[in-house]
Amino acid sequence: MKAITYQKASDTFTYAELPVPELETEFDVLVKVNAVGLNPVDAKVNFWTGMVSNMDDNFVGGLDVTGEIVAVGGKVSQWKVGDKVLYHGNMRRAHGGFAEYAIQDARTLTAQPNVSAVIAAATPCAAWTAYRALFGKLSIEKRDSIFIAGGAGGVGSFAIQMAKIAGVKTIITTSSAAKHEYVTGLGATHVIDYRNEDVINKVLEITDGQGVEVSLDCVGGENDVICASVLGFEGEMVELVSTVNPTNYPDAFLKGLSFHQLSLGSGHVNGQKGLSSITIAGTKVSELIEKGKITIPQLEVIKLEQVGDALKAMREQKTVGKIVASVSSN
């Protein structure tokens, strides 16, 4: 089969010919890949090679996959050969979706929604994370205001749409000036140019000094401090990039703030509850996609052989929107 492999020593991606992988556990399925989404975590594989046991030069990444099951393990009961599925893969395993065939634990599969394979493959990492953050952690349907750091990014663009669907009245986000129109079109009510404006003061101005009820950090760096600082009394924040450190956040104790961590892929290594956290989010997001309530903005479709170059470009922040590789037309 054709695949994009990663070589740790040279930090390179190679378009290669590999054998079709074999099932590794009785819970596994073999999937003929139709489409695979590209995500920043795929591009930054050089930072997490230590998470993969015995990584060799035939390692295949690619987490967000749509495809058709062609073989099932002995303990797979809910899925059968011929089923079309969508999943968010386990970065710790070697046979990802940047190939014509991939291996996945059947307990984390969801049914492919009634949309094209490339549309479906664009959703898991970013949209499922946004759903878990807003609905699972922040109970967004009960909120009137939110601040989202990085609204033009993958998770941020879905979070804005979901906040709007949930009926949030004040949706504040940050972006470069060039992307203000883009995030406003997604549903943001206020957009702050983080390069030229004081974000914290601007949020307080918009909220009449009260701060927002909840916040979401999709960016990292110093944005956790900003997300905490714009919260009002007993506000709540979700951190997606690093570990929260409330001792760095002004008045965190006096305001009674609460903080959540979220890593979508950690569900793979935290038992049945963890596995279910992934599939529940996936099923809910697929329903929203099927109903047309959320969309995939700025989608670019490439070929499998172009994946390596696209991942390198993502590292250098030379890409715009969501990139999905079409692998098979079946």
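Brief remarks on what is shown
- Applying the Karplus relation 6.51 cos²θ - 1.76 cosθ + 1.60 with θ = phi - 60° to segment 237-244 yields 3J(HN,Hα) values of 10, 10, 10, 9, 10, 9, 8, 4 Hz, where x marks Gly and Pro.
- Rounded to the nearest whole Hz, the Karplus-based 3J(HN,Hα) values (6.51 cos²θ - 1.76 cosθ + 1.60, θ = phi - 60°) of segment 67-76 follow the sequence x, 10, 5, 10, 7, 10, x, x, 9, 8, with x at glycine and proline.
- Dipole of the chain, positive direction: furthest Cα of Ala177, Tyr6, Ser276, with charges on the beta-carbon: Ser276
- Amide H to amide H distances under 5 Å link Val327 with Ala35, Val36, where only residues 5 or more positions off or on other chains count and H is placed in the peptide plane.
- With all protein chains kept in place, the per residue accessible area of the chain amounts to 45 square angstrom at a probe of 1.4 angstrom.
- The rule of thumb for compact globular proteins, 2.2 N^0.38 Å, goes into the C-alpha radius of gyration of segment 28-68 1.29 times.
- For the residue pairs Lys75/Lys291; Lys75/Lys312; Lys32/Lys273; Lys2/Lys84; Lys202/Lys291; Lys32/Lys312, the alpha carbons lie more than 31 Å apart in Lys75/Lys291; Lys75/Lys312; Lys202/Lys291.
- All-pairs Cα distance distribution in segment 1-96, expressed in whole percent, bin size 10 Å: 15, 48, 31, 6, 0
- For the chain, the carbon plus sulfur part of the accessible surface works out to 48%, probe radius 1.4 Å.
- Longest site-free stretch - the chain; sites: trypsin sites (Lys or Arg not before Pro), DSSP loop, at most 14 other Cβ within 10 Å: 196-290
- Contour excess over end-to-end distance, with Cα ends at Lys291 and Arg195 and 0.36 nm allotted per residue: 30.9 nm
- Surrounding net charge for Glu26, when Lys and Arg each add one and Asp and Glu each subtract one, Cβ distance under 14 Å: -2
- Percent of Cα pairs exceeding the 23 Å cut-off, where the set is segment 137-287: 34 percent
- When the Cα gyration tensor is reduced to axis lengths a ≥ b ≥ c, the ratio a/c is 1.5 or higher for segment 77-125, and with a/b not above b/c it is classed as oblate.
- GNM top mover of Leu257, Leu63, Leu109 - the chain, alpha-carbon springs below 10 Å: Leu257
- Stokes-Einstein D for segment 190-273, Kirkwood Rh over Cα pairs, 25 °C, 0.890 mPa s (µm²/s): 180 µm²/s
- Its Cα gyration tensor gives segment 249-330 an equivalent ellipsoid; the semi-axes, largest first and in whole Å, are 32, 21, 16.
- On the principal axes of its alpha-carbon atoms, segment 145-190 has extents of 26, 18, 16 Å, going from largest to smallest.
- Using θ = phi - 60° and Karplus 6.51 cos²θ - 1.76 cosθ + 1.60, couplings along segment 220-232 (whole Hz; Gly, Pro as x): x, x, 7, 5, 5, 5, 5, 4, 6, 5, 8, 6, x
- Set of segment 207-244 residues, backbone N closer than 12 Å to the point 7 Å along the Cα-Cβ line of Asp144: 207-208, 210-213
- When both bridge partners sit in the chain, DSSP labels roughly 55% of those beta bridges antiparallel.
- Options Val199, Leu18, Ile119, ranked by Cα towards positive dipole end of the chain, top entry (Cβ charges): Ile119
- Rounded if a/c under 1.5, otherwise prolate or oblate - the chain, Cα gyration tensor axes: prolate
- Here is what passes the span test in the chain: the DSSP H helices with alpha carbon length of 15 Å or more along the helix axis and a Kyte-Doolittle mean of -1.0 or above are 154-165, 271-290.
- 18 Å cut-off, amide nitrogen to a point 7 angstrom out along Gln272 Cα→Cβ, residues in segment 77-97: 77-79
- Anisotropy class of segment 119-159 from Cα gyration tensor, a/c 1.5 cut: oblate
- Helical runs assigned H by DSSP (4 residues or longer) give the chain a calculated mean residue ellipticity at 222 nm of -6000 deg cm²/dmol, each run adding -39500 (n - 2.57) before division by the residue total.
- Set against the 2.2 N^0.38 Å expectation for a compact globular protein, segment 76-178 has a Cα radius of gyration ratio of 1.29.
- Within segment 52-114, percent of DSSP bridges classed antiparallel, to nearest 5: 90 percent
The values are calculated or read from the model by the stated rules, or taken from the named source; none is laboratory data. No experiment lies behind these values; they were computed from the predicted model shown. Here the Cβ is made from the backbone with ideal geometry for all residues, glycine too, and neighbour counts use every protein chain on show. Ligands, DNA and RNA are stripped out before the accessible areas are found, and what is left, the full protein with its side chains, is counted by its heavy atoms. Shrake-Rupley method; radii C 1.70, N 1.55, O 1.52, S 1.80 Å.
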